[in-house]
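Peer 1: One structure follows; several queries about it will come next.
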Amino acid sequence: MTGNHLRRKARGRRVLLALVLLCGAYTGWWWWDSACCDRQDGYSIRGLCLMQLRDRAEAGEPTAQWAYGDYLQGDGREYEGLAWMLRAMHGARTGSELGNPLIGYCDRVPGFEGRTVESAMLRVAEKSPDAHLRLLQLYTDRRCSAFDLDKAAAQIPRLTQCAPLSLEQTLRVAQEAGHPVDPATRQAMRANLALCAREVAGPTPVAHAVQESMPVRQRDLEALSRRLEALDR
């Protein structure tokens, strides 16, 4: 009886040790995987990456505040997420810190009224010229009260990046609204196309500057050039 009892105790200790090792291995793998931030997005972020993102948001980094707000909304904490996004909008200092949701939220989400969004972008554009792309996108969104094609046209000569998609959007909306595109605006668009051609042939865009959501494609440049030629006739 004593021998059987000892064997059972030893077997129990081995089982317990195996469970501890298994739990430890899983925990170690989870933390290692959670630290691979480049493999996570706003919905799958967890572990160390989530902790770092929250710390950066609390430290006042607007890009982290947008991302953390996006995570909170995906986690079902919509109002808390929106509060972080509002902080990001009002704290933005560069064009790249004016997050993508700004255009879509304009006049659709409390706190992101057209005048408020426009004011935030104008403030940033004074010291960060790449923010003029965000203003162009805002002024051509017909669902936002900031919609203004004259103001949109004024942004085009100030663009510091290639923007064929936004320029095409401007031409399309102007056509739908029956708004003429004057020669000076068409010339500014051609100047931007020249910038795009250099970008296609040369170095990549400046890091940390606002860029369009899709990479520059030669066929988009050619299509935009044809539209401008048609307006000249």
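The values are calculated or read from the model by the stated rules, or taken from the named source; none is laboratory data. Because the structure is predicted, anything quoted here is derived from the model rather than measured. Quick reminder, even Gly has a Cβ in these numbers, built from the backbone with ideal geometry, and neighbours come from all protein chains shown. The area values use the complete protein model at the heavy-atom level, side chains included, leaving out ligands, DNA and RNA. Shrake-Rupley method; radii C 1.70, N 1.55, O 1.52, S 1.80 Å.
Peer 1: What number of residues within the stretch 161-178 satisfy the criterion of being outside any helix (DSSP H, G or I) and without any contact (Cβ under 8 Å) to a residue 24 or more places away in the chain?
Peer 2: 1
Peer 1: All but one of (1) out of contact with any Gly (no Cβ under 6 Å at 6 or more places or on another chain); (2) at pLDDT 60 or above; (3) open to solvent by 50 Å² or more (accessible area, probe 1.4 Å); (4) not in a helix (DSSP H, G or I) hold for residue 99; which doesn't?
Peer 2: In the conditions (1) out of contact with any Gly (no Cβ under 6 Å at 6 or more places or on another chain); (2) at pLDDT 60 or above; (3) open to solvent by 50 Å² or more (accessible area, probe 1.4 Å); (4) not in a helix (DSSP H, G or I), residue 99 misses (3) alone.
Peer 1: While we're here: So is residue 155 modelled with pLDDT of 95 or more and either exposed (fewer than 12 other Cβ atoms within 10 Å of the Cβ) or within 22 Å of the chain's Cα centre (by Cα) (or both) or not?
Peer 2: When the stated conditions are applied, residue 155 passes them.
Peer 1: If you check residue 232 against the conditions, is it surrounded by fewer than 20 Cβ atoms within 10 Å (Cβ to Cβ) and either more than 29 Å from residue 90 (Cα to Cα) or not polar (S, T, N, Q) (or both)?
Peer 2: Details: surrounded by fewer than 20 Cβ atoms within 10 Å (Cβ to Cβ): yes; either more than 29 Å from residue 90 (Cα to Cα) or not polar (S, T, N, Q) (or both): yes.
Yes: the conditions hold for residue 232.
A quick yes/no check of all residues on (1) touching a helix residue (DSSP H, G or I) at 6+ places or on another chain (Cβ under 7 Å); (2) among the aliphatic types (A, V, I, L, M); (3) under 18 Å from residue 194 (Cα atoms); (4) open to solvent by less than 10 Å² (accessible area, probe 1.4 Å):
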residue: 140; (1), (2), (3), (4): yes, no, no, yes
residue: 147; (1), (2), (3), (4): yes, no, no, no
residue: 151; (1), (2), (3), (4): yes, no, no, no
residue: 168; (1), (2), (3), (4): yes, no, yes, no
residue: 172; (1), (2), (3), (4): no, no, no, no
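Peer 1: Return only the number of the condition from (1) touching a residue at least 40 places away in the same chain (Cβ under 8 Å); (2) over 21 Å from residue 157 (Cα atoms); (3) of a type in the set (Gly, Ala, Ser) that residue 114 does not satisfy.
Peer 2: Failed condition: (1).
Peer 1: What is the number of the single condition among (1) outside any loop (DSSP other than H, G, I, E, B); (2) within 24 Å of the chain's Cα centre (by Cα) that residue 230 does not meet?
Peer 2: Status for residue 230: all satisfied but (2).
Peer 1: Let me ask you something else. If you check residue 159 against the conditions, is it touching a His at 6+ places or on another chain (Cβ under 7 Å) and under 20 Å from residue 130 (Cβ atoms)?
Peer 2: Criteria met by residue 159.
Peer 1: Also, quick follow-up: Just name the residue that is nearest to the chain's Cα centre (by Cα) out of those in the stretch 83-96 that are open to solvent by 20 Å² or more (accessible area, probe 1.4 Å) and of a type outside the set (Phe, Trp, Tyr).
Peer 2: Here the residue is 96.
Peer 1: Please determine whether any residue of the stretch 109-123 is at pLDDT below 95, crowded, with 22+ Cβ neighbours inside 10 Å and part of a helix (DSSP H, G or I).
Peer 2: no
Peer 1: Follow-up question, since we're still on this one. Quick check on the stretch 182-200. Is at least one of its residues part of a loop (DSSP other than H, G, I, E, B), out of contact with any helix residue (DSSP H, G or I) (no Cβ under 7 Å at 6 or more places or on another chain) and surrounded by fewer than 18 Cβ atoms within 10 Å (Cβ to Cβ)?
Peer 2: yes
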